[in-house]
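Note sheet for the following structure.
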């Protein structure tokens, strides 16, 4: 049960971070390197969707 809740919470938080990056117009600076903002957006979206998928899989197996 704790894992399922953790996946849901992390999925929601990462989706909020993804939404926050939608308003950023230009390249993102990370560790001194300039990274295309679309790479950052896609990475956060993949993390969010994988957490939601794990949550749904655990919820389905629980029934």
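The values are calculated or read from the model by the stated rules, or taken from the named source; none is laboratory data. This is a predicted model, so every value here is computed, not measured. Here the Cβ positions follow ideal geometry from the backbone for every residue, glycine too, while neighbour counts run over all protein chains shown.
Checking each residue in segment 31-50 for being touching a strand residue (DSSP E or B) at 6+ places or on another chain (Cβ under 7 Å) and outside any helix (DSSP H, G or I) picks out only 35.
Residues checked against (1) within 11 Å of the chain's Cα centre (by Cα); (2) at pLDDT 85 or above:
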site	(1), (2)
19	yes, yes
27	no, no
35	no, yes
38	no, yes
44	yes, yes
49	yes, yes
52	yes, yes
55	no, yes
59	no, yes
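Residues of segment 29-44 that are in contact (Cβ under 8 Å) with a residue 12 or more places away in the chain and surrounded by fewer than 17 Cβ atoms within 10 Å (Cβ to Cβ): 37 alone.
Of the residues making up segment 51-63, those that are assigned to a helix (DSSP H, G or I) and without any contact (Cβ under 8 Å) to a residue 40 or more places away in the chain are 53, 56, 57, 60, 61. Residue count for segment 7-22 under the criterion of being exposed (fewer than 14 other Cβ atoms within 10 Å of the Cβ) and closer than 18 Å to residue 60 by Cα: the result is 1.
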